[in-house]
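Undergrad: Handing you this structure, nothing more for now.
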Amino acid sequence: MNINEIGGEFALIERLKNLIRSRHAQMETGIGDDAAVIRIAPEPAPLLLVTTDILVENRHFKRNWSTPQQIGLKAVECNVSDIAAMGGSPQWMFVSLVLPPDATTEEIEAIYAGMNRSCKRYDIALAGGDTTQGERLTINITLLGVVTPALLCLRSSARPGDRLMVTGSLGASAAGFMLLSAGETPSAYLKDKHLAPVSRMDVSQHIAPLANAMIDISDGLGSEVYHICEQSRVGAVVNAAAIPLHQDVRSAAARLGTDPVQLALSGGEDFELLFSISPANLPALAQIEADFFEVGHITDPSGPVHLLHTDGRSSPLPRGFNHFQ
Ligand code: ADP
Ligand code: MG
């Protein structure tokens with residue numbers, strides 16, 4: 001059967017996780033969050049976090065759009081973003097490479113120089129990997145991190161009444177990608193957001209003690225709100241007018257003849273954080289020196305997930321990006 005026919009990427013993962021035992025006494029969270037959570041020592045020892053992400057040439061990057069340094073940086077940052085979303089800090093990394101025949105040592109070393117920019121920023125050590133030949137340049141990074149149990153933010157921890165907050169404006173990566181694909185020149189801001197995104201490790205450690213649920217926005221706000229709602233068994237309302245959009249995203253959307261809100265909801269790779277927080281913790285959040293945007297709130301258990309449009313209408317929230325669809 002075609003992967004599309006069963007419902008795409010997430011439906012496939014649901015099937016796969018039943019084919020091999022995916023529960024284990026020490027595995028507090030396995031498949032279904034931004035990283036797996038493994039208890040390797042009794043409390044109050046930190047928990048181990050493990051995440052992995054793969055970047056495939058022409059699917060996730062193009063060698064004629066990005067510099068090798070940008071490719072390397074993005075490969076690390078998208079993994080760091082998943083550790084940040086758990087409230088943790090990244091520590092050790094494994095890098096596996098599929099190298100096409102035309103890859104040169106200079107190019108690979110430049111990719112590693114880009115990775116090193118991120119590794120130095122977060123103090124990540126390279127612990128191993130694997131190298132082989134293949135058709136397309138492919139970079140798979142597995143990143144391990146740690147989290148203090150009290151700071152762990154799961155997708156499943158949102159509660160009715162929580163406010164839904166994001167750490168920055170959305171849709172810029174998708175706007176940059178769409179303009180590049182159309183053969184146009186994006187602004188420096190949009191290009192940077194798409195080709196050299198930086199995770200929000202800078203704020204995640206401050207948010208983690210205050211937030212209930214947290215997730216990074218890699219597949220579009222729509223998809224991530226559904227992940228939180230499905231795993232926390234709650235509903236939500238997202239307010240379209242409250243979604244932060246950069247001026248460049250608005251002008252790109254106008255040029256592309258699309259709705260900037262759609263870019264934020266269904267585009268991907270913004271690598272901002274989405275979190276749910278009790279209203280009681282909002283004053284403490286306001287003390288953090290960073291911008292936070294309230295985009296909606298969590299509603300009743302198992303309630304619907306709605307988008308409130310600017311004209312007052314409300315409809316089911318569109319889902320975000322899904323590979324294979
Ligand atoms: P993220 O966007 O945060 O990187 P994904 O949407 O890629 O997360 O994956 C969702 C969950 O499914 C994660 O827990 C991930 O580890 C798991 N997963 C993805 N692909 C597979 C696979 N082929 N086999 C087992 N688990 C998978
Ligand atoms: Mg994630």
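Undergrad: Tell me whether region 100-122 contains one or more residues that are under 21 Å from the mean Cα position of the chain (by Cα), at pLDDT 95 or above, outside any strand (DSSP E or B) and among the acidic types (Asp, Glu).
TA: No - not one qualifying residue is present in region 100-122.
Undergrad: Ok, one more. Kindly provide the set of residues from region 12-39 that are in a loop (DSSP other than H, G, I, E, B) and within 22 Å of the chain's Cα centre (by Cα), ordered by number.
TA: Matches in region 12-39: Lys17, Gly30, Gly32, Asp34, Ala35.
Listed here are the residues, each with its yes/no results for (1) small (Gly, Ala, Ser); (2) modelled with pLDDT of 95 or more; (3) surrounded by 24 or more Cβ atoms within 10 Å (Cβ to Cβ); (4) away from ligand 2 (no atom under 16 Å from the Cβ).
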{"residue": "Lys17", "(1), (2), (3), (4)": "no, no, no, yes"}
{"residue": "Arg23", "(1), (2), (3), (4)": "no, no, no, yes"}
{"residue": "Asp53", "(1), (2), (3), (4)": "no, yes, no, no"}
{"residue": "Glu57", "(1), (2), (3), (4)": "no, yes, no, yes"}
{"residue": "Gly72", "(1), (2), (3), (4)": "yes, yes, yes, yes"}
{"residue": "Cys78", "(1), (2), (3), (4)": "no, yes, no, no"}
{"residue": "Gly88", "(1), (2), (3), (4)": "yes, yes, yes, no"}
{"residue": "Phe94", "(1), (2), (3), (4)": "no, yes, no, yes"}
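Undergrad: Would you please name the residue that is modelled with the lowest pLDDT, looking only at residues in region 164-192 that are among the β-branched types (Val, Ile, Thr) and either part of a loop (DSSP other than H, G, I, E, B) or over 23 Å from Ala85 (Cβ atoms) (or both)?
TA: Per the stated criteria, the residue is Thr185.
Undergrad: Here is a list: Leu164, Leu179, Leu210. Which entry is crowded, with 17+ Cβ neighbours inside 10 Å, out of contact with any Phe, Trp or Tyr (no Cβ under 9 Å at 6 or more places or on another chain) and more than 21 Å from Ile111 (Cα to Cα)?
TA: Criteria check complete, one pass: Leu179.
Undergrad: If you don't mind, another one. How many residues are under 20 Å from Arg313 (Cβ atoms), within 14 Å of ligand 1 (Cβ to nearest atom) and surrounded by fewer than 21 Cβ atoms within 10 Å (Cβ to Cβ) when one looks only at region 224-243?
TA: Residues in region 224-243 being under 20 Å from Arg313 (Cβ atoms), within 14 Å of ligand 1 (Cβ to nearest atom) and surrounded by fewer than 21 Cβ atoms within 10 Å (Cβ to Cβ): 1 in total.
Undergrad: Could you list all residues from region 193-213 that are farther than 24 Å from Ser315 by Cα and either charged (D, E, K, R) or not in a helix (DSSP H, G or I) (or both)? Walk me through it before giving the result.
TA: Filtering region 193-213 down to residues farther than 24 Å from Ser315 by Cα leaves 193-212.
Once the filter is applied, which keeps residues that are farther than 24 Å from Ser315 by Cα and either charged (D, E, K, R) or not in a helix (DSSP H, G or I) (or both), region 193-213 yields Lys193, Ala196, Pro197, Val198, Ser199, Arg200, Asp202, Ala208, Pro209, Leu210, Ala211, Asn212.
Undergrad: Okay, moving on. Return the pair list, or none, for Cβ contacts closer than 7 Å from residues in region 34-49 that are under 18 Å from Val80 (Cβ atoms) and among the small types (Gly, Ala, Ser) to residues that are in a loop (DSSP other than H, G, I, E, B) and within 16 Å of ligand 1 (Cβ to nearest atom), at least 6 apart or on different chains.
TA: Within 7 Å, the pairs are Ala35/Met86; Ala36/Gly30.
Undergrad: Among the candidates Gly268, Gly303, Gly296, which residue alone is of a type outside the set (D, E, K, R) and within 16 Å of ligand 2 (Cβ to nearest atom)? Spell out the reasoning first.
TA: Values: Gly303 fails: within 16 Å of ligand 2 (Cβ to nearest atom); Gly296 fails: within 16 Å of ligand 2 (Cβ to nearest atom).
Just a single option satisfies the conditions, and that option is Gly268.
Undergrad: Are there any pairs, at least 6 apart or on different chains, whose C-beta atoms fall under 6 Å, with the first in region 184-199 and touching a residue at least 12 places away in the same chain (Cβ under 8 Å) and the second in a loop (DSSP other than H, G, I, E, B), and if so, which?
TA: Leu195/Ser66; Pro197/Phe271; Ser199/Phe271
Undergrad: Now, a different point. Quick one: which residue in Asp270, Asp248 is in contact with a helix residue (DSSP H, G or I) (Cβ under 9 Å, 6 or more places away or on another chain), crowded, with 16+ Cβ neighbours inside 10 Å, acidic (Asp, Glu) and under 23 Å from His206 (Cβ atoms)?
TA: Selected residue: Asp270, the only one of Asp270, Asp248 that is in contact with a helix residue (DSSP H, G or I) (Cβ under 9 Å, 6 or more places away or on another chain), crowded, with 16+ Cβ neighbours inside 10 Å, acidic (Asp, Glu) and under 23 Å from His206 (Cβ atoms).
Undergrad: Further question: Restricting to region 64-82, give me the number of residues that are touching an Asp or Glu at 6+ places or on another chain (Cβ under 7 Å), under 13 Å from Ile139 (Cα atoms) and within 16 Å of ligand 1 (Cβ to nearest atom).
TA: Number of matching residues: 2.
The values are calculated or read from the model by the stated rules, or taken from the named source; none is laboratory data. Just so we're clear, the structure is a prediction, and the values are computed from it rather than from any experiment. Virtual Cβ from ideal backbone geometry, glycine too; neighbours counted across all protein chains shown.
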